[in-house]
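Notes follow once the structure below has been shown.
Bear in mind these aren't lab numbers, they're just calculated from the coordinates by the rules spelled out. Since this is a predicted model, take the numbers as computed values, not measurements.
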Amino acid sequence: MNIRLFNTLTKRIDAFSPLDPSRVRMYSCGPTVYDVAHIGNMRAFLLPDLLQRTLRVVGGFDVSWVMNITDIDDKTIRDSAVGSEKWRPEMGTQTTDALANLKMLTAFYAEEFHRDLASFNIVKKHFAAQPLATDYIPQMQALINDIMSSGYAYVSEGSVYFNVSAYAKRHEYGRLFAIDKENFREGVRIDADEYDRESVSDFVLWKARKDGEPYWDYDVNGTNLPGRPGWHIECSAMSKEILGLPFDIHTGGVDLRFPHHEDELAQCTAGYHEHDQATFWVHNEFLEVEGKKMSKSLGNFYTMRDLVAKGIDPLDVRYAMLQAHYRSVYNFTFDIVQGATTARKKIQDYVYDVKERSSFVEREAEGADPVAARVLRTTVFTELADDLHTPKALAALFSFMSQHSAAMLSPEEALSVLGVLSDINDVLAVFEISDRPVVIIPDNVSAIAQARWAARTAKDWSESDRLRADLTALGWTMNDGKDSFTLEPTL
Ligand code: AMP
Ligand code: ZN
């Protein structure tokens, strides 16, 4: 199926096709590993996962997906210098070697990051590479040399800066994010990795060594400039080295459009003479909490760990995020996650029912393509192919489920529907194709449930409530039907 995506570069929805028909090459800006991921970051990692899954399953492409790990920047340097019990395996391991300390901090948080990804069903086998910035210093230095040779970079006090005004005279600066040339502060240099569009200045490519910081030697025309890379140069050099330029898709959160992605693009044009670093730029909108920007000072800042500690299943959070389109601001609330738990369970129950029904197939019919399965595939995949419209895809799935109960399907139909559900889950990754787990109910639990049902039938509500509390304490949930009840282990 043809896939259409909103492209920040063209500012419209474009039909997607890869430059090399045999595979899609995609680069995602990954985490800065100085702390554990917050739920906003998870939204930015979910987008490329959803995209690469859609490209493979709906588009039929092979995908080479690269997500870098920023292990050297202002924040990792700052925190590795301080040291922390959290990441120091044992007290006293911190050394006087700044680079060794940086590696210790970032290795610890990279491991935590992988754990968070796995909990979100973002799995290792889908990545072609997860490069560390510190492994690509020579490539970054070579790119800076090339930018200097092109006349768009200069040395000042041991650092190297990108000359934005010189570049903007010959090339467009502001291709991803509208920038008013009035805001160009010619000749002003900025060393911080992050800055706003009101202060477009010459940004740093290579930062001169500061006391106590990790550094690399860098020979520029016979002069050594010990220092370390700026943040933006990292992604330009790594994406070129691993994927080659131009590649197909570059992803990140909307905040990265400027300056990070604009600067990546300018560096690639200036140094590699590639007009387009990537042909498609795909950005996710931000996540807010209870309608407000997430921030530690507002007390509405959550990491994945915080949610797990509250007993929330990360896959319910994944599902909740899929209920919104990636280009709209996502409002995270605990009520929404609760709703996601219920919805996800409904789908899972449906899968169990369809799986059970399919087990009655005696002989798989050759080339059978029952209408129901075709309807399910077409309606759900059409929405995913339309700029990853997951809310509409989920609506299509629910509409199908309500119109095709498992009991209505013939075993053969159930088998083909199960195949489509499996493909849908290859994209959404929020349920599992398996048999309904066999639940063994202990005798004492069964006895309490029987007693409670009797109390309820006799309208003895206080006794009924007391017995329900007993069941809860034993880890069981009793679901009351009209004429009977079911028991299930509390999640
Ligand atoms: P960082 O680890 O800070 O470099 O951020 C990693 C990714 O998370 C980037 O793509 C950011 O754009 C993205 N990001 C940061 N905060 C949020 C948020 N509140 N909502 C969505 N994405 C975010
Ligand atoms: Zn990046």
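Seen against the Cα atoms of the chain and their longest principal axis, helix 461-473 is set at about 50 degrees.
When 1/r is averaged over all different Cα pairs and the result inverted, which Kirkwood radius in Å belongs to region 207-328? Walk me through the numbers on the way to the answer.
Numbers: mean 1/r = 0.0558 Å⁻¹.
This gives a value of 17.9 Å.
If eta is 1.306 mPa s and T is 10 °C, what Stokes-Einstein diffusion coefficient results for region 185-249, Kirkwood Rh from Cα pairs, in µm²/s?
Numbers: Rh = 13.9 Å.
This corresponds to a translational diffusion coefficient of 114 µm²/s.
Cross-link partners of residue 75 among lysines, defined as those whose alpha carbon lies under 23 angstrom from its own and excluding same-chain residues fewer than eight positions apart: 86, 103, 207, 210, 293, 296. Evaluating kT/(6 pi eta Rh) at 37 °C and 0.692 mPa s, with the Kirkwood radius of region 290-373 over Cα pairs in the Stokes-Einstein relation, gives 206 µm² s⁻¹. To the nearest 10 degrees, how steeply does helix 231-243 sit against the main Cα axis of the chain, on a 0 to 90 scale? Helix 231-243 and the main axis of the chain meet at about 70 degrees.
Using helices alone, I'd like the mean residue ellipticity at 222 nm for the chain: each DSSP H run of four-plus residues gives -39500 (n - 2.57), total over residue count, nearest 500.
Numbers: 15 runs with 209 residues, N = 491.
So the helix-based figure for the chain works out to -13500 deg cm²/dmol.
Each residue of region 77-206 gets 178 Å³ once the volume of the Cα convex hull is shared out per residue. For the chain, the longest principal axis of the Cα atoms and the long axis of helix 262-272 meet at an angle of about 50 degrees. Expressed per residue, the C-alpha convex hull volume of region 307-428 stands at 104 Å³.
Apply the a/c threshold of 1.5 to the C-alpha gyration tensor of region 224-284 and tell me whether it is rounded, prolate or oblate.
Numbers: a/c = 1.99, a/b = 1.33, b/c = 1.49.
Taking the square roots of the gyration eigenvalues as a ≥ b ≥ c, region 224-284 is oblate.
Any chance you could tell me what percent of the C-alpha pair distances in region 443-489 go past 15 Å? Spell out each step's value before the answer.
Details: 353 of 1081 pairs.
Every Cα pair in region 443-489 considered, those over 15 Å come to 33 percent.
Taking 17 Å as the straight-line reach from the Cα of residue 169, the lysines in range (excluding those fewer than 8 positions away in the same chain) are 181.
Three principal axis extents describe the C-alpha atoms of region 120-271; from largest down they are 46, 37, 28 Å. Kirkwood-type hydrodynamic radius, region 1-75: 14.0 Å, calculated from all non-identical alpha-carbon pairs.
How big is the Cα convex hull of region 375-439 in projection, averaged over all directions, in nm²? Working shown, then result.
Details: hull surface 19.3 nm².
Average projection, Cα convex hull of region 375-439: 4.8 nm².
Taking only the Cα atoms of the chain, the ratio Rg/Rh comes out at 1.05, with Rh defined as the Kirkwood radius.
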